Amino acid sequence: MHPHLENERFVSCYELIQALNECHQKHFLQQAVGACNQEKEYLSRCLHEARLADIKTRTQESKENNKKREDLINKMKEEEFGEGEYLKTLLLEKIKERDAKLAMEKNNK
């Protein structure tokens, strides 16, 4: 079963879609016994190739968008914490020192 064939995704298969529609109109009763199988097979191959090309394009676009998003996040982190997140590591060290000091005081009580 084919997806909607009038979709703009399948412009490359337009001639095959037309050929199959014409075959169905000309050989209405004979299509039940396979009169249009060849046209249908060619169309199926074309739709498959179009779908694979679409997947490849969308995957590439997704990778590019993910890269842009990752770069933006890294830029924001760098603006907030400095290069190499120096400020963040410094803050984490200070927090560990404070927690260790509080734990030590708690144990002494």
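Annotations
- Residue list for region 19-36, restricted to those being under 24 Å from E8 (Cα atoms), assigned to a helix (DSSP H, G or I) and either out of contact with any Asp or Glu (no Cβ under 7 Å at 6 or more places or on another chain) or among the acidic types (D, E) (or both): N21, E22, H24, Q25
- Top-ranked residue in region 29-40 [being surrounded by 12 or more Cβ atoms within 10 Å (Cβ to Cβ) and free of Cβ contacts under 8 Å to residues at least 12 places away in the same chain; ranked as farthest from the chain's Cα centre (by Cα)]: Q30
- Lone qualifier among R69, R58 - being within 30 Å of Y14 (Cα to Cα), within 23 Å of the chain's Cα centre (by Cα) and at pLDDT 95 or above: R58
- Test: residue in region 62-79 that is touching a residue at least 12 places away in the same chain (Cβ under 8 Å) and of a type in the set (D, E): no
- The residues on offer are L52, L87, L43, and the sole one that is in contact with a helix residue (DSSP H, G or I) (Cβ under 8 Å, 6 or more places away or on another chain) and under 20 Å from V11 (Cα atoms) is L43.
- Checking E105 against (1) at positive phi; (2) exposed (fewer than 12 other Cβ atoms within 10 Å of the Cβ), the condition it does not meet: (1)
The values are calculated or read from the model by the stated rules, or taken from the named source; none is laboratory data. The structure presented is a predicted model; accordingly, all values stated were derived computationally and were not measured. Ideal geometry is used to build each Cβ from the backbone, glycine not excepted, and the neighbour counts take in all protein chains shown.
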